[in-house]
Amino acid sequence: GGLRRPTAALPPVVAIRLGCSWAEELWDYEGEVSIVPDSCEISLVCYLSSVGFEGELAIHWFREHHLLRQSGGRIPKGFSMFVDRFSRRASPGRWWVTLTDTQTGHRIGERSFIVYSAEAAPRLEDYQEFFDFTPELEKRAS
């Protein structure tokens, strides 16, 4: 009888989203997400679990395997989300953002995204990677 508590700690990062122009007052992106044009300001929004995270966090922005931005800061106890921005023009290609607990060195989150240009539009496969395009009838059959 009785409920048992899980023995493993819950991961502090619940979700990471990347998109164009995070609007603080709307709590939403004003533009595209996951596959974004090189003309927008890219914003990372990280949601934390109710268990939360408290401590120093490092945020690394990579294109291909080149570190292009490093940021971070102290996350106070009880914070449920934070925003970081890549303010300069991002070059087209595959990008990754990683989140690292600087005290332990453990990576606590990562997310990839694609930046495209007018000359190099995203492919259908790119959209299929980030979004579920399976028609409803195919979903029911599986």
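Quick rundown of the values:
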{"quantity": "Complete set of residues in segment 26-51 that are at pLDDT below 90 and exposed (fewer than 11 other Cβ atoms within 10 Å of the Cβ)", "calculated": "S50, V51"}
{"quantity": "Residue count for segment 52-68, restricted to those that are within 16 Å of I42 (Cβ to Cβ) and open to solvent by less than 70 Å² (accessible area, probe 1.4 Å)", "calculated": "6"}
{"quantity": "Residues of segment 79-102 satisfying the condition of being of a type outside the set (G, A, S), open to solvent by less than 50 Å² (accessible area, probe 1.4 Å) and under 12 Å from W61 (Cβ atoms)", "calculated": "D84, F86, W95, V97, T98, L99"}
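The values are calculated or read from the model by the stated rules, or taken from the named source; none is laboratory data. Keep in mind that what you see is a predicted model, and the values were worked out from it rather than measured. Reconstructed Cβ throughout: ideal geometry from the backbone, glycine too, with neighbour counts over all protein chains shown. Please note that ligands, DNA and RNA were not included when accessible areas were found on the heavy atoms of the full protein model with its side chains. Shrake-Rupley method; radii C 1.70, N 1.55, O 1.52, S 1.80 Å.
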